[in-house]
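A.B. asks: Let me begin by handing over the structure; questions about it come next.
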Amino acid sequence: MSDICIQNNCNIPAMFNGECALHCNKSDYQTDKMNGKLKEFYDDLEYHIRKNVLKNSSEEPKKEIASGKYAQENLPTKKQKIIHLRQIKFPERDPRDEFDFFKLLKQFKGIHFDDSTIYFGSINLPNVQLFFQDCIFLNDWSIHSFLMIEDVTERTIFQNCVFQGAVTSASPESAIDKLEIESYLFNDCTFKCQVIFHRGTYLKSIFFNSEGFIQKICNLHIENCEFKERLLLNKSEIEVLKIQNMEFEGKVELKECDIKYTLISNVNFKSLFDAYKTKFNQFKMNRSIFDDFSGFEKCEFGCVGSTSLEKIEFEYVTFLNFTNFRKAKFYSGLDFEHTNLKESPNFLNAEINYKNTNRETFRIIKHSFDKIGNQIEANKYFALEMKKYKEELKAKNGFSAEKAVLWLGSV
């Protein structure tokens, strides 16, 4: 077996089954510490940076480097450099260790992680610019206030990355300062587990994907956050979407998505909301306000032929501007009874399941067509309203004046 790592173009001695500490598989922190991988990783990374990244041709053999020496050198030029670290498997770490490799990374202006495997769970280097490209994150990952490398084309922190564990962005309730993210975070990334954003301020959209990219997320939960610009979730496939207790100052786009379960609660949309052609299997919205135009054109709510899903609810939702449900389909019915409408909504050519829709909802839609003089559509929904009214009276016991009037009117 060769004494040199089998990884292509690697000139570091092999210590772990034919591979160096940079390229061998890692385990949990305790295991890697006990078998010497963490100490060896520090030494190998130090050598790799000096020899292959900084191109120090006079570098002595790796075995002669004293661990820790490089991190303590006073080299002002390092703070001006953005280094590129490619195809490295970065282990879990503990900042208390003398061989914590973050002591090396924080010496530079920026770090470009490329095609690498990340075992550690977060990175919080306030003065270091970061970019992760084509990386795999094997464990849960925590978001911090990252600095973006200035010349990244897509203007994001994570590009084409895969997150195997949960991704969380949270500031403790006791924290003096909330988390603040100034740049786009994710470009064309894949999420295998839940994504949670809590108590943060975002100056850009969380997601900034390429045209046509299909975003897949198991569970996306956004709560108590502030979005200063916009949120883009177009062409996303989401199992569970929860947005709660927050305000969007910028535009929110949920166009052409497929979302199995949606809950929007206590949310203020200050700017335009557009969910054009999105499929919502289960949908509940309550105690929310739309200040600007809200669009649900060609949306599909519920499942075709399903009788088990609950009706679509807009409970105590206020629309302060025009809202559009043109050509929307409500397969499991609609409850619009407790909405507050400043302007009449547009339900032109909408399809609404009769059985699971209440009379007041039909009356509201009828009234919206009456206001614009569309008597054909108004009469259609008036007939549905009266049909529901008859069913309500029939369900009541005994005789009443309302039943008499309705009976005489049908003669």
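A.B. asks: I'd like to check something: does the stretch 216-235 contain any residue that is of a type outside the set (A, V, I, L, M, F, W, C) and open to solvent by less than 10 Å² (accessible area, probe 1.4 Å)? Before the answer, list the steps.
C.D. replies: Step one: list which residues in the stretch 216-235 are of a type outside the set (A, V, I, L, M, F, W, C), which gives 216, 219, 221, 223-224, 226, 228-230, 234-235.
Now restrict to residues that are open to solvent by less than 10 Å² (accessible area, probe 1.4 Å): none.
No, because not a single residue in the stretch 216-235 is of a type outside the set (A, V, I, L, M, F, W, C) and open to solvent by less than 10 Å² (accessible area, probe 1.4 Å).
For (1) touching a residue at least 60 places away in the same chain (Cβ under 8 Å); (2) acidic (Asp, Glu); (3) part of a loop (DSSP other than H, G, I, E, B), each residue gets a yes or a no:
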residue	(1), (2), (3)
Asn219	no, no, no
Glu229	no, yes, yes
Asn234	no, no, yes
Ile243	no, no, no
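A.B. asks: Under the condition of being closer than 21 Å to Lys255 by Cα and open to solvent by less than 50 Å² (accessible area, probe 1.4 Å), which residue from the stretch 301-312 is modelled with the lowest pLDDT?
C.D. replies: Per the criteria, the residue is Cys303.
Conditions (1) more than 17 Å from Glu297 (Cβ to Cβ); (2) at pLDDT below 95; (3) open to solvent by 50 Å² or more (accessible area, probe 1.4 Å), marked per residue:
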| residue | (1), (2), (3) |
| --- | --- |
| Thr318 | yes, no, no |
| Thr323 | no, no, no |
| Lys327 | no, no, yes |
| Glu343 | no, yes, yes |
| Lys355 | yes, yes, yes |
| Leu393 | yes, yes, no |
| Ala404 | yes, yes, no |
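A.B. asks: While we're here: Provide a single number: the residues in the stretch 106-121 that are over 28 Å from the mean Cα position of the chain (by Cα) and open to solvent by less than 20 Å² (accessible area, probe 1.4 Å). So that I can check it myself, show each step before the final result.
C.D. replies: Applying the first criterion (over 28 Å from the mean Cα position of the chain (by Cα)) to the stretch 106-121 yields 106-109.
With open to solvent by less than 20 Å² (accessible area, probe 1.4 Å) added as a condition, the list becomes 108.
Result for the stretch 106-121: 1.
A.B. asks: Counting only residues that are in contact with a strand residue (DSSP E or B) (Cβ under 9 Å, 6 or more places away or on another chain) and surrounded by fewer than 16 Cβ atoms within 10 Å (Cβ to Cβ), which one in the stretch 5-17 is nearest to Glu46 (Cα to Cα)?
C.D. replies: Among residues in the stretch 5-17 that are in contact with a strand residue (DSSP E or B) (Cβ under 9 Å, 6 or more places away or on another chain) and surrounded by fewer than 16 Cβ atoms within 10 Å (Cβ to Cβ), the one nearest to Glu46 (Cα to Cα) is Asn11.
A.B. asks: May I ask you to list pairs of residues, at least six apart or on different chains, whose Cβ atoms are under 7 Å apart, with the first in the stretch 75-99 being of a type in the set (Val, Ile, Thr) and the second being at pLDDT below 95 and open to solvent by 50 Å² or more (accessible area, probe 1.4 Å)?
C.D. replies: Note: pairs meeting the criteria are Ile82/Lys109.
A.B. asks: Hey, does the stretch 150-163 have a residue that's of a type outside the set (A, V, I, L, M) and either in contact with a Lys or Arg (Cβ under 6 Å, 6 or more places away or on another chain) or touching a residue at least 60 places away in the same chain (Cβ under 8 Å) (or both)? Give the steps one after another, and end with the answer.
C.D. replies: Just the residues of the stretch 150-163 that are of a type outside the set (A, V, I, L, M), to begin with: 150-151, 153-156, 158-161, 163.
Narrowing further to those that are either in contact with a Lys or Arg (Cβ under 6 Å, 6 or more places away or on another chain) or touching a residue at least 60 places away in the same chain (Cβ under 8 Å) (or both): none.
The answer is no; no qualifying residue exists.
A.B. asks: Let me confirm something: among Lys55, Lys51, which residue is basic (Lys, Arg), within 27 Å of Ile82 (Cα to Cα), at pLDDT below 85 and part of a loop (DSSP other than H, G, I, E, B)? Explain how you work it out, then say what you get.
C.D. replies: Details: Lys51 fails: part of a loop (DSSP other than H, G, I, E, B).
After applying the criteria, what remains is Lys55.
A.B. asks: So, one more: Considering every residue within the stretch 132-148, establish whether at least one is touching a helix residue (DSSP H, G or I) at 6+ places or on another chain (Cβ under 7 Å) and assigned to a loop (DSSP other than H, G, I, E, B).
C.D. replies: From the stretch 132-148, those touching a helix residue (DSSP H, G or I) at 6+ places or on another chain (Cβ under 7 Å) are none; that's our starting set.
Checked the stretch 132-148: no residue is touching a helix residue (DSSP H, G or I) at 6+ places or on another chain (Cβ under 7 Å) and assigned to a loop (DSSP other than H, G, I, E, B).
A.B. asks: So which residues in the stretch 331-340 are of a type outside the set (Ser, Thr, Tyr), buried (at least 17 other Cβ atoms within 10 Å of the Cβ) and out of contact with any Lys or Arg (no Cβ under 8 Å at 6 or more places or on another chain)? Give the steps one after another, and end with the answer.
C.D. replies: Taking the stretch 331-340 as the starting set, the residues that turn out to be of a type outside the set (Ser, Thr, Tyr) are 333-338, 340.
Filter once more, so that each one left must be buried (at least 17 other Cβ atoms within 10 Å of the Cβ): 333-336.
Result: Phe336, single match.
A.B. asks: On to the next question. Here are the criteria: (1) hydrophobic (A, V, I, L, M, F, W, C); (2) surrounded by fewer than 21 Cβ atoms within 10 Å (Cβ to Cβ); (3) more than 16 Å from Asn25 (Cβ to Cβ). Tell me which single one Leu138 does not satisfy.
C.D. replies: (3)
A.B. asks: So how many residues does the stretch 197-215 have that are open to solvent by less than 50 Å² (accessible area, probe 1.4 Å), β-branched (Val, Ile, Thr) and out of contact with any Phe, Trp or Tyr (no Cβ under 7 Å at 6 or more places or on another chain)?
C.D. replies: 1
A.B. asks: If you scan the stretch 65-99, which residues turn out to be at pLDDT below 65 and more than 17 Å from Leu54 (Cβ to Cβ)? Can you show your working first?
C.D. replies: Residues of the stretch 65-99 at pLDDT below 65: 65-77.
Those that are at pLDDT below 65 and more than 17 Å from Leu54 (Cβ to Cβ): Ala66, Ser67, Gly68.
A.B. asks: Considering only the stretch 88-128, state which residues are part of a loop (DSSP other than H, G, I, E, B), closer than 18 Å to Val152 by Cα and of a type in the set (A, V, I, L, M, F, W, C).
C.D. replies: If the condition is that a residue be part of a loop (DSSP other than H, G, I, E, B), closer than 18 Å to Val152 by Cα and of a type in the set (A, V, I, L, M, F, W, C), then Phe108, Val128 are the ones that fit.
A.B. asks: Follow-up question, since we're still on this one. Anything in the stretch 17-51 that is more than 36 Å from the chain's Cα centre (by Cα) and of a type in the set (Gly, Ala, Ser)? List them, or say none.
C.D. replies: Gly18, Gly36
A.B. asks: Of everything in the stretch 359-373, what is assigned to a loop (DSSP other than H, G, I, E, B) and either surrounded by 17 or more Cβ atoms within 10 Å (Cβ to Cβ) or of a type in the set (Val, Ile, Thr) (or both)? Give them in sequence order. Working first, answer last.
C.D. replies: Let us first name the residues in the stretch 359-373 that are assigned to a loop (DSSP other than H, G, I, E, B), namely 372-373.
Within the stretch 359-373, just Ile372 meets the criteria.
The values are calculated or read from the model by the stated rules, or taken from the named source; none is laboratory data. Predicted model, so just to flag it, every value in this text is computed and none were measured. Positions of Cβ are backbone-derived with ideal geometry, glycine not excepted, and every protein chain shown enters the neighbour counts. The protein model used for the area step is the full one, side chains on, heavy atoms only, and it has no ligands, DNA or RNA in it. Shrake-Rupley method; radii C 1.70, N 1.55, O 1.52, S 1.80 Å.
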